[in-house]
Amino acid sequence: MKFIIHTFGCQMNKLDSELVAEALTAAGWKMTADENEADAILYNTCSVRDNAEQRVLARIMQLKPVKKQRPGLVIGLMGCFAQRMGAKLFDQLPHLDLVCGTRKFPQIAALLESARSGPVVAIEEETLVAPGTLDAHGRSLHDGMQAYISIMRGCNNFCTYCIVPYVRGREESRPEDAIVTEARTLVEKGAKEIILLGQNVDAYGKDINSSLAKLLYRVHEEVEGIVRIRFVTSHPRDITEDLVRAMNDLPKVANYLHMPAQSGSTRMLKAMNRGYTREEYDRKLEMVYRLAPTALIASDFIVGFPTETDAEFQTSVELVRQARFQNSFVFKYSPRPGTVAERTMPDDVPEEVKLARNHELLAAQEEVKIKRTEELIDSVQEILVEGVSPRNAEKMLGRTASNLICVYDRTVHADNEIGTLQRIRVDRATPLTLFGSKVEA
Ligand code: SAH
Ligand code: SF4
Ligand code: F3S
């Protein structure tokens, strides 16, 4: 029996898909890249914005004639959209066989089996971090140099626009020991960089008397052979001095923070229930740059949130310039059914205004990014070497802590540098790539 899995959404979904693939492989299934020979086609879905859902719906609609031709085929929808809709999906998609929620995927093999004899819905909320079942829940199949570990699941924040707390449930941290053990296993299997994942990764440990800072020290100390450690995504409110110090002091932890601001306006932040004012966000930034002067920071923004005025939008533009973000992801507000914003606030910013704001904010961010990248000229960057540059066989390619691509001359011994950190002096920079030369130890 063969399966194919298509993944939408964030890194957490990517990891969940890997875990599903692992569970199915263990149950005797084989993964295929060819839909034509698949006995099961799975979609791991995202609900964060309406267009994410529409894209998946369109794809599954297209499978209707395929299912007619191959009645034995099992079509399954997993993940956040599955969790949000449950059995209602069968009304829109009568040829669907399985709806599997965000906390049910460890049972995927059994679910697929029963879906062969009739429609199955599995969306009950279950705790995922029960002792004894850890293996199935955190570790990623490692592919390439990077490997993910889910260190916590869920979100308690209930930002008014966001569907995540509804589809991913409450925050649950996984035990430190399990994470350290998984990191060791992944590194033994060849992973160089471990990415610790959570919707609010910096809230890690609140429920188990631990903290992300503490976990970073442990992974750094106790996982032999690990080259780099990252963590995403951080809620600004939960970024503590301890965390920033751990990031700055531990050489293997990338000096990179994704701390989404969402807006530069205190009135908008309040309406979004973000839990901080603009001033508090500014103070956090100042603290990060003070304790970790080389840190690069990325943000997310929502434009066109209900009642956002032009002047309020401009505070976001101004924040991008002031904060000197390395990167920002910008999203047009999309009302999500059942959220506080959708129920109580009018989606009153016209689409063309949202679009214009989106372009303007991205343009401001691009300017900042170019300046930021040029400032790196003459600096020394630690890069994790991935291999020979696919564009130029005379160059080696790696990534900086902030995930910028950096290339340098390939020497006869360069193959030994793959999977190691190398110190590179940057000679030249384009918005997408740094060019440099190796600094001998
Ligand atoms: N937990 C992370 C983000 C998860 S969703 C955090 O709090 O930072 C990723 C991003 O999608 C969010 O940061 C936000 O910018 C955006 N987003 C979430 N819900 C949205 C909505 N309803 N409309 C538009 N963008 C949204
Ligand atoms: Fe959504 Fe807010 Fe939780 Fe992030 S912190 S997942 S934006 S509710
Ligand atoms: Fe999307 Fe679910 Fe991730 S809604 S962003 S796939 S947590």
In region 84-102, anything modelled with pLDDT under 95 and within 16 Å of ligand 2 (Cβ to nearest atom) is listed as T102
Could you tell me which residue of region 410-441 is nearest to A393 (Cα to Cα), considering only residues that are out of contact with any strand residue (DSSP E or B) (no Cβ under 6 Å at 6 or more places or on another chain) and open to solvent by less than 40 Å² (accessible area, probe 1.4 Å)? G419
Matching residues in region 51-67 (open to solvent by 60 Å² or more (accessible area, probe 1.4 Å) and in a helix (DSSP H, G or I)) number 7
Filter region 282-329 down to the residues that are in a loop (DSSP other than H, G, I, E, B) and farther than 26 Å from I377 by Cβ and list them by number. G304, F305, P306, T307, E308, T309
R237 passes all but one of (1) more than 20 Å from R49 (Cα to Cα); (2) more than 15 Å from ligand 2 (Cβ to nearest atom); which number fails? (2)
Scanning region 18-50 residue by residue, those open to solvent by less than 10 Å² (accessible area, probe 1.4 Å) and within 16 Å of ligand 3 (Cβ to nearest atom) turn out to be L19, V20, L42, Y43, N44, T45, S47
For E224, all conditions in the list (1) crowded, with 19+ Cβ neighbours inside 10 Å; (2) more than 16 Å from ligand 1 (Cβ to nearest atom); (3) at pLDDT 95 or above hold save one; what is the number of the exception? (1)
Quickly run through region 344-358 and pick out the residues that are surrounded by 13 or more Cβ atoms within 10 Å (Cβ to Cβ), more than 16 Å from ligand 2 (Cβ to nearest atom) and either assigned by TED's automatic domain parsing to the domain that holds Q83 or part of a loop (DSSP other than H, G, I, E, B) (or both). D347, V349
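When you go through A363, A341 one by one, which is the residue that is within 13 Å of ligand 1 (Cβ to nearest atom) and not in a loop (DSSP other than H, G, I, E, B)?
A341
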One residue is enough: does region 327-340 have a residue meeting the conditions over 17 Å from N51 (Cα atoms), within 16 Å of ligand 2 (Cβ to nearest atom) and free of Cβ contacts under 8 Å to residues at least 40 places away in the same chain? yes
What is the one condition in (1) surrounded by 19 or more Cβ atoms within 10 Å (Cβ to Cβ); (2) in contact with a Lys or Arg (Cβ under 6 Å, 6 or more places away or on another chain); (3) among the small types (G, A, S) that G275 does not satisfy? (1)
When V74 is run through (1) modelled with pLDDT of 95 or more; (2) open to solvent by less than 20 Å² (accessible area, probe 1.4 Å); (3) within 16 Å of ligand 1 (Cβ to nearest atom), the failure sits at (3)
If we scan region 397-411, do we find a residue that is among the β-branched types (V, I, T), closer than 22 Å to E193 by Cα and part of a strand (DSSP E or B)? yes
Looking at F329, F325, which is the one that is of a type outside the set (S, T, N, Q), crowded, with 16+ Cβ neighbours inside 10 Å and assigned by TED's automatic domain parsing to the domain that holds E366? F325
When you go through G205, G190 one by one, which is the residue that is assigned to a loop (DSSP other than H, G, I, E, B), at pLDDT below 95 and in the same structural domain as E222 (by TED's automatic domain parsing)? G190
Suppose we keep only residues that are among the small types (G, A, S), part of a loop (DSSP other than H, G, I, E, B) and away from ligand 1 (no atom under 16 Å from the Cβ) within region 115-157. Which one would you say is modelled with the lowest pLDDT? G132
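The values are calculated or read from the model by the stated rules, or taken from the named source; none is laboratory data. Worth saying up front: this structure is predicted, and the values here are computed from it rather than measured. So basically every Cβ, Gly included, is an ideal-geometry build from the backbone, and we count neighbours across all protein chains shown. What goes into the accessible areas is simple: the full protein's heavy atoms, side chains included, and nothing from ligands, DNA or RNA. Shrake-Rupley method; radii C 1.70, N 1.55, O 1.52, S 1.80 Å.
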